[in-house]
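> This structure is in structure tokens; I'll ask about it shortly.
The values are calculated or read from the model by the stated rules, or taken from the named source; none is laboratory data. Predicted model, so just to flag it, every value in this text is computed and none were measured. Neighbour counts are summed over all protein chains in view; Cβ atoms, including those assigned to glycine, are modelled from backbone coordinates with ideal geometry. Accessible surface is based on the protein model in full, side chains and every heavy atom, while ligands, DNA and RNA are left aside. Shrake-Rupley method; radii C 1.70, N 1.55, O 1.52, S 1.80 Å.
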Amino acid sequence: MSTIDDIKNRIDIVDLASETVKLKKSGRSFTGFCPFHSNTRTPSFVVWPESGTWKCFGACNTGGDIFTYVMKRDGLEFRDALEFLARKAGVELEPRTPRAEAEDKQNERLKEALAAAATCFHNLLRTAPQGRIARDHLSKRGITNDAVVNFQLGYSLDERHVLESY
């Protein structure tokens, strides 16, 4: 069993969410008003104790497990949420090894490269004259400009070094 699984097994998501949300039992789940957006009419926040998950069906439309809940609630990165929940659960975390630190740095560089590539191809779709065919195709398929922006859709030119030049 991993450390994350151990923490999940020791912390009841209903108890955790109840620290900030007044929950009411509704069948096998619990419902309440979402703490992440204003809502006073209809409870849109649901917690499922069996799976240890939560979901807001309202304005924020987010969900996850105890880690994502604490991250969103407290504005933490995953590592900080992990440390917080480990203390709460009484689980001791292993210290980070230099190799794990190096892997994290490498993964962060890869994420940055992927984000740059996505931005490049997205900009090409939105602005390049050669992307007109793709823009027309998306329009014919009923894909709105908002969807193009929200999902950061992109277009690649028929040139070898476009990304490298970017």
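> Can you tell me which residues in the stretch 123-146 are of a type in the set (Gly, Ala, Ser) and in contact with a helix residue (DSSP H, G or I) (Cβ under 8 Å, 6 or more places away or on another chain)?
Correct list: Gly131, Ala134.
> Related question: Scan the stretch 131-146 residue by residue and report those that are outside any loop (DSSP other than H, G, I, E, B) and exposed (fewer than 13 other Cβ atoms within 10 Å of the Cβ).
Arg132, Ile133, Asp136, His137, Ser139, Lys140, Asn145, Asp146
> Is it the case, given these coordinates, that Leu125 is under 12 Å from Gly154 (Cβ atoms), open to solvent by 60 Å² or more (accessible area, probe 1.4 Å), part of a helix (DSSP H, G or I) and not basic (Lys, Arg)?
No, not satisfied.
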